[in-house]
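Structure first, then comments.
The values are calculated or read from the model by the stated rules, or taken from the named source; none is laboratory data. Keep in mind that what you see is a predicted model, and the values were worked out from it rather than measured. Every residue, glycine among them, receives a Cβ derived from its backbone with ideal geometry; neighbour counts consider all protein chains shown. Ligands, DNA and RNA are excluded from the accessible area calculation, which covers all protein heavy atoms including side chains. Shrake-Rupley method; radii C 1.70, N 1.55, O 1.52, S 1.80 Å.
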Amino acid sequence: MIVSQIMEHSDWVDAFPALSKLNEPLRLQLVQGAVLVTVPAGSVVFQEGGGCQNYLLVLEGSVRVQKLSESGREIVLYRVEAGQSCVLTTSCLLAGESYSAEGIAETEVRAVVVPKALFQQLLANSEQFREFVFALFGERIAGLVMLIDAIAFGRMDGRLAATLDRMAIHSEIIEITHQNLARELGTAREVVSRLLKEFERHGWLELKRGQILLRDRDALRGLVR
């Protein structure tokens, strides 16, 4: 991890509009106490069981937060992208607990790190900072509830179809392996491969090495409940 002090730079605050409401003394305190970090792609940002000492605000890039079961199965809980904070980090800071999942930098990530002591001080003294923290926290909790609902009650074929449709925003060709798709859905690779083969048999998509080409998105959308 490459770290550089940003005591004299406050431009990053503008990436989080709610923080611009801080009065000048608190804004200065935040800027002077925070640190800018650059995390190479593939690096572990935090690991399960590790202690939490900083509040993370992402400026650029994406951090994938995932959970690994005892059997080795992975599920992606959410991603932290530009303008967002990590709900798990917030929860650990508030509760004084260790991380219950791991965070991996999917791309190179530029982020602002606010030390725990400063985070707690601002949380106690600034209504605007509290509103900022809990607004982001609430958004993430809502997303996690939706994920739990999908896992508990959603059909796997519909979840897979919805995931493919979401990933194909800019192109009908999706660059992804069956294993990574399984991780996104929290299921076994064999389940994903079987469903993809079934989709291909119907002519809805075409499977290539490391790629999935969507042929009939309307049909896939019809599977989404």
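Against the conditions (1) in contact with a strand residue (DSSP E or B) (Cβ under 7 Å, 6 or more places away or on another chain); (2) open to solvent by 50 Å² or more (accessible area, probe 1.4 Å); (3) more than 26 Å from residue 72 (Cα to Cα), residue 222 satisfies every one except (1).
Yes/no matrix, rows are residues, columns are (1) among the aliphatic types (A, V, I, L, M); (2) open to solvent by 30 Å² or more (accessible area, probe 1.4 Å); (3) farther than 28 Å from residue 181 by Cβ; (4) under 12 Å from the mean Cα position of the chain (by Cα):
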| position | (1), (2), (3), (4) |
| --- | --- |
| 82 | yes, yes, no, yes |
| 87 | yes, no, no, yes |
| 92 | no, no, yes, no |
| 96 | no, yes, yes, no |
| 100 | no, yes, no, no |
| 103 | no, no, no, yes |
| 108 | no, yes, no, no |
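Among the residues of the range 41-80, those that are open to solvent by less than 50 Å² (accessible area, probe 1.4 Å), over 12 Å from residue 106 (Cβ atoms), in contact (Cβ under 8 Å) with a residue 24 or more places away in the chain and assigned to a loop (DSSP other than H, G, I, E, B) comprise 50, 52. Selection of the range 18-27 for residues being open to solvent by less than 90 Å² (accessible area, probe 1.4 Å) and farther than 16 Å from residue 120 by Cα yields 18, 20, 23. Considering (1) under 21 Å from residue 75 (Cβ atoms); (2) free of Cβ contacts under 8 Å to residues at least 60 places away in the same chain, the lone condition that residue 140 does not fulfil carries the number (2). Scan the range 12-40 for residues that are among the aliphatic types (A, V, I, L, M) and assigned to a helix (DSSP H, G or I) and jot them down. Scanning the range 12-40 gives 13, 15, 18, 19, 26, 28, 30, 31.
Let's see how each residue does on (1) under 17 Å from residue 62 (Cβ atoms); (2) of a type outside the set (Asp, Glu); (3) modelled with pLDDT of 85 or more; (4) touching a helix residue (DSSP H, G or I) at 6+ places or on another chain (Cβ under 7 Å):
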{"residue": "2", "(1), (2), (3), (4)": "no, yes, no, no"}
{"residue": "7", "(1), (2), (3), (4)": "no, yes, no, yes"}
{"residue": "10", "(1), (2), (3), (4)": "no, yes, no, yes"}
{"residue": "14", "(1), (2), (3), (4)": "no, no, no, yes"}
{"residue": "17", "(1), (2), (3), (4)": "no, yes, no, no"}
{"residue": "23", "(1), (2), (3), (4)": "no, yes, yes, no"}
{"residue": "27", "(1), (2), (3), (4)": "no, yes, yes, yes"}
{"residue": "31", "(1), (2), (3), (4)": "no, yes, yes, yes"}
{"residue": "43", "(1), (2), (3), (4)": "yes, yes, yes, no"}
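For the structure I just gave you, tell me whether residue 122 is in contact (Cβ under 8 Å) with a residue 12 or more places away in the chain, over 21 Å from residue 45 (Cα atoms) and surrounded by 14 or more Cβ atoms within 10 Å (Cβ to Cβ). It is true that residue 122 is in contact (Cβ under 8 Å) with a residue 12 or more places away in the chain, over 21 Å from residue 45 (Cα atoms) and surrounded by 14 or more Cβ atoms within 10 Å (Cβ to Cβ).
Each residue in the range 98-110 was checked for being within 17 Å of residue 137 (Cβ to Cβ) and either without any contact (Cβ under 8 Å) to a residue 24 or more places away in the chain or part of a strand (DSSP E or B) (or both), and 1 of them qualify.
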